[in-house]
């Protein structure tokens, strides 16, 4: 279930940067009401985002508001590339290996590093050696540097030279059953495409924001694995087609609704 905090991050990612990275508090509350989130929940969620350094207090014209921090903006820009510029890979592209070692005295860093690698779509080849399609390398290097984890890591570009079928290795490195289920869950919730003629502006906004919010973790957990190595019923292609069609139908009406609510 989407939380108020994740929905606010999605709203900022979709709309705040068009207004200099900031949204007025009153306008944000109106937008979140269309998503079924009341004012106290909005204020509580924004306070948590402020403590995490994603947003900071700012003036928006004559109104109080919150603006993305430099860190928050960088996080969302990285997200854009994964969410809207999804890259699939082929076996010939090769792989990026992340080899890391974190001292026992810094177990918190080790936990953070593993969490970031998981979020970047890395699979676990073995303890201390994680793997992803080669195109993830730049995003991995930038993310690890931003979180001061790069000193524990070495990244390598590699090809597969093993004797076991690569499809079997991929099924061992990634939890394909869990990813398969996540795609199907997203399709179940968002697969009924709305008729633009029957969708009002507020509904278009709510539908689009929720679709993006539920979608944005998938391109991270599934980094665009080679389709030739995946089960024949892999649902990512179908889900991506639905997402692209939702964007075509809803993005424009949703943006016009936002403009009206922030005016």
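The values are calculated or read from the model by the stated rules, or taken from the named source; none is laboratory data. Every value quoted in this text rests on a predicted model; they were computed, and no experiment measured them. When we count neighbours, we look across all protein chains shown, and the Cβ atoms used for this are built from the backbone with ideal geometry, even at glycine.
Tally the residues that are surrounded by fewer than 13 Cβ atoms within 10 Å (Cβ to Cβ) and either farther than 11 Å from residue 242 by Cα or at pLDDT 95 or above (or both), restricting the search to region 190-204.
Selection size over region 190-204: 5.
Look at residue 22 and say whether it is in contact (Cβ under 8 Å) with a residue 24 or more places away in the chain, out of contact with any helix residue (DSSP H, G or I) (no Cβ under 9 Å at 6 or more places or on another chain) and surrounded by 15 or more Cβ atoms within 10 Å (Cβ to Cβ). I'd like the intermediate steps shown before the answer.
Working: in contact (Cβ under 8 Å) with a residue 24 or more places away in the chain: yes; out of contact with any helix residue (DSSP H, G or I) (no Cβ under 9 Å at 6 or more places or on another chain): no; surrounded by 15 or more Cβ atoms within 10 Å (Cβ to Cβ): yes.
Considered against the rule, which asks whether it is in contact (Cβ under 8 Å) with a residue 24 or more places away in the chain, out of contact with any helix residue (DSSP H, G or I) (no Cβ under 9 Å at 6 or more places or on another chain) and surrounded by 15 or more Cβ atoms within 10 Å (Cβ to Cβ), residue 22 comes out as no.
Would you mention how many residues in region 80-97 are touching a helix residue (DSSP H, G or I) at 6+ places or on another chain (Cβ under 7 Å), modelled with pLDDT of 80 or more and over 15 Å from residue 122 (Cα atoms)?
3
For region 188-202, what are the residues that are in a helix (DSSP H, G or I) and touching a residue at least 24 places away in the same chain (Cβ under 8 Å)? Walk me through it before giving the result.
Just the residues of region 188-202 that are in a helix (DSSP H, G or I), to begin with: 188-190, 196-198, 201-202.
189, 190, 196, 201, 202, listed by residue number.
Per-residue answers, yes or no, for (1) in a loop (DSSP other than H, G, I, E, B); (2) within 21 Å of the chain's Cα centre (by Cα):
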residue: 212; (1), (2): no, yes
residue: 232; (1), (2): yes, no
residue: 237; (1), (2): no, yes
residue: 240; (1), (2): no, yes
residue: 245; (1), (2): no, yes
residue: 256; (1), (2): no, no
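Scan region 174-183 residue by residue and report those that are in a helix (DSSP H, G or I) and surrounded by 15 or more Cβ atoms within 10 Å (Cβ to Cβ). Steps first, answer last, please.
Quick first cut of region 174-183, residues in a helix (DSSP H, G or I) only: 176-183.
Passing the criteria: 176, 179, 180, 182, 183.
How many residues, within region 135-150, are closer than 23 Å to residue 53 by Cα and either more than 17 Å from the chain's Cα centre (by Cα) or surrounded by fewer than 17 Cβ atoms within 10 Å (Cβ to Cβ) (or both)?
Step one: of region 135-150, the residues closer than 23 Å to residue 53 by Cα are 139-150.
If we keep only those that are either more than 17 Å from the chain's Cα centre (by Cα) or surrounded by fewer than 17 Cβ atoms within 10 Å (Cβ to Cβ) (or both) as well, we get 141-142, 145-150.
Adding up the residues that qualify gives 8.
Of the conditions (1) assigned to a helix (DSSP H, G or I); (2) free of Cβ contacts under 8 Å to residues at least 60 places away in the same chain, residue 162 satisfies every one except a single condition; which number is it?
Residue 162 satisfies all of (1) assigned to a helix (DSSP H, G or I); (2) free of Cβ contacts under 8 Å to residues at least 60 places away in the same chain except (1).
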